[in-house]
Structure formats: C-alpha cells, structure tokens
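Novice: Below is one structure. I have some questions about it.
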C-alpha cells in the first residue's frame with residue numbers, strides 16, 4: 001500500500017481543533033453529499049475499541065477530496081479480486097479512512113443522510129450510546145441533489161451517448177432503497193423508471209439480484225434540468241464527461 005497524501009497522527013489537541021473548525025465549516029449540503037458516497041461505496045465498522053469509516057474507489061478524485069476535507073491520509077492499493085459474475089481482475093483502489101473519535105463524529109453527522117446502510121450506522125452509534133432513528137429526515141431539494149449526484153457516481157452509470165443509447169442508471173441489490181430514491185426524485189420532477197431486475201450473483205450471504213433505475217427522458221426539459229443541476233457537482237472526470245455528452249444529445 002502506498003501513501004499518497006500523509007497527515008500527522010491525531011492527538012486530543014489536534015482533534016479538538018479539527019472538530020471546532022469542521023463543525024463551523026461543513027453544512028447540511030456537505031453532509032448530504034458525503035451521505036450519497038457512503039450509502040454506496042463507503043463502509044462503517046465498529047468492534048471493541050476500533051471505530052473505522054472508509055471510502056474506497058478506483059477513481060482518485062472523490063477519495064482525494066474526502067481525505068483533504070477530513071484531513072486523513074490518502075492511500076493507494078492493488079489486490080486480486082473477483083466480480084459477481086466470476087471474472088478475476090486486479091482491483092486498484094484509492095482509500096481514505098477515519099478512525100477513533102473522528103469516525104464517531106463523522107458517523108453521527110452523516111447519519112440522517114443515510115438511507116441504505118442504516119444497520120451499519122446504527123451498530124456503530126449504538127455502541128457509543130448515541131441515539132439514532134433512521135429515515136426521520138426530510139430531504140430538501142438541494143440536499144437530495146447533493147446526495148444523488150454522489151450516489152450515482154458510486155453505484156450508477158453515466159452513459160456516453162456517442163456509444164450507448166442509455167443516459168443514467170442507478171444500481172442496488174436493495175430494491176426498497178431504489179424505490180425510496182425514485183420517490184424522492186419524483187417529488188422534484190426527476191423521473192427514473194424501474195426498478196428493473198438485472199444481474200443475479202452469488203455472495204457469502206447467498207444469491208442476490210441487482211436492480212436498477214433508469215433516467216426517463218420523455219420529459220426532455222426535466223431531464224435537461226437534472227443534468228444541468230448535477231454536472232457541476234460530479235467529481236469523477238470520466239463520469240462528468242459522459243454526462244456532458246449525453247446532455248448535448250438531449251439538447252438537440
């Protein structure tokens with residue numbers, strides 16, 4: 001594992017200064033954005049004295065932003081793994097982790113913007129006697145846009161209309177999660193069709209089905225408005241470029 005950006009080991013004084021600054025700096029829109037990332041590609045772990053939250057992606061930009069925002073080291077790692085359909089490959093990951101009291105603080109702040117990974121969040125917060133009731137928060141439109149643009153980068157595809165007929169798809173094995181997202185977006189005239197059943201794959205927990213939502217474009221102007229709202233927020237260069245190409249097709 002290679003350390004690309006290194007921050008000093010935290011102590012009580014460093015953490016106190018960090019919490020004071022970040023509590024003033026970070027807004028609900030920031031936490032909604034990181035909620036989208038952690039509901040898809042983030043993880044929460046708490047066991048014994050260990051509290052760890054992490055973001056792992058093969059795209060550097062979001063993880064680097066996470067590490068700089070939360071002042072933690074950026075690492076790069078390669079390892080052998082297998083896709084759900086059985087194909088072996090070398091995974092290349094950029095990794096950002098927060099541990100200890102910072103992990104508890106992060107999880108508490110992000111918790112109301114978590115829709116999918118509520119069990120992991122609840123387990124961590126319960127261990128530290130922090131009250132948590134999921135799904136009580138009503139997203140504002142701006143919070144929802146920040147959330148969904150991150151979630152789509154994590155578990156979605158922005159198709160390149162030069163080579164594909166589709167626009168945007170969002171995937172999850174949790175069909176109720178997809179239905180919740182679909183309903184919330186429809187309140188703001190963003191229509192995703194589905195959920196449609198897709199890939200069936202094996203996990204340690206058993207057989208699972210991947211479901212997906214697909215952006216509808218019959219209401220062309222609504223789809224254009226959605227693209228224009230989220231494109232400036234897309235951190236991944238390759239996905240932002242695909243979104244710009246597809247927006248161009250909608251505007252023809």
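Novice: What strands (runs of 3 or more DSSP E) completely inside region 1-104 contain at least 2 residues that are under 22 Å from the mean Cα position of the chain (by Cα), surrounded by fewer than 17 Cβ atoms within 10 Å (Cβ to Cβ) and free of Cβ contacts under 8 Å to residues at least 24 places away in the same chain?
Specialist: Where strands (runs of 3 or more DSSP E) fall fully within region 1-104 and carry at least 2 residues being under 22 Å from the mean Cα position of the chain (by Cα), surrounded by fewer than 17 Cβ atoms within 10 Å (Cβ to Cβ) and free of Cβ contacts under 8 Å to residues at least 24 places away in the same chain, they are 74-82.
Novice: Counting only residues that are in contact with a helix residue (DSSP H, G or I) (Cβ under 8 Å, 6 or more places away or on another chain), more than 13 Å from residue 101 (Cβ to Cβ) and at pLDDT 90 or above, how many does region 8-29 have?
Specialist: Number satisfying all stated conditions: 3.
Novice: Considering only residues that are surrounded by fewer than 14 Cβ atoms within 10 Å (Cβ to Cβ) and under 22 Å from the mean Cα position of the chain (by Cα), look in region 201-224 and name the one that is nearest to residue 64 (Cα to Cα).
Specialist: Start the filter on region 201-224 by keeping residues that are surrounded by fewer than 14 Cβ atoms within 10 Å (Cβ to Cβ), which leaves 202-207, 209, 218-221.
Then drop every residue that is not under 22 Å from the mean Cα position of the chain (by Cα), which leaves 203, 209.
Values: 203: 30, 209: 32 Å.
That would be 203.
Novice: For region 234-252, enumerate the residues that are in contact with a helix residue (DSSP H, G or I) (Cβ under 9 Å, 6 or more places away or on another chain) and within 11 Å of residue 160 (Cβ to Cβ).
Specialist: 239, 243, 244, 246
Novice: Picking from 168, 130, 110, 114, which residue would you name as being in contact with a strand residue (DSSP E or B) (Cβ under 7 Å, 6 or more places away or on another chain) and modelled with pLDDT of 95 or more?
Specialist: 168
Novice: Test residue 198 against the stated conditions and say whether it is in contact with a strand residue (DSSP E or B) (Cβ under 8 Å, 6 or more places away or on another chain) and modelled with pLDDT under 95.
Specialist: It is true that residue 198 is in contact with a strand residue (DSSP E or B) (Cβ under 8 Å, 6 or more places away or on another chain) and modelled with pLDDT under 95.
Novice: Of the residues in region 209-246, how many are at pLDDT below 95 and in a helix (DSSP H, G or I)?
Specialist: Total satisfying the criteria: 0.
Novice: Also, I was wondering about something else. For region 188-199, enumerate the residues that are assigned to a strand (DSSP E or B) and surrounded by 12 or more Cβ atoms within 10 Å (Cβ to Cβ).
Specialist: If the condition is that a residue be assigned to a strand (DSSP E or B) and surrounded by 12 or more Cβ atoms within 10 Å (Cβ to Cβ), then 192, 193, 194, 195, 196, 198, 199 are the ones that fit.
Novice: Looking at residue 149 and the list (1) more than 20 Å from residue 53 (Cα to Cα); (2) part of a helix (DSSP H, G or I); (3) free of Cβ contacts under 8 Å to residues at least 60 places away in the same chain, which single condition is not satisfied?
Specialist: The single condition residue 149 does not satisfy is (3).
Novice: Sticking with this one: Every residue in region 176-187 that is in contact with a strand residue (DSSP E or B) (Cβ under 7 Å, 6 or more places away or on another chain) and surrounded by fewer than 17 Cβ atoms within 10 Å (Cβ to Cβ), please.
Specialist: Across region 176-187, the qualifying residue is only 179.
Novice: With 249, 177 as the choices, which residue is assigned to a helix (DSSP H, G or I) and farther than 18 Å from residue 40 by Cα?
Specialist: 249
The values are calculated or read from the model by the stated rules, or taken from the named source; none is laboratory data. If you're wondering where the values come from, they're calculated on a predicted model, not measured in any experiment. Glycine also receives a Cβ, built like all others from the backbone with ideal geometry; neighbour counts cover every protein chain displayed.
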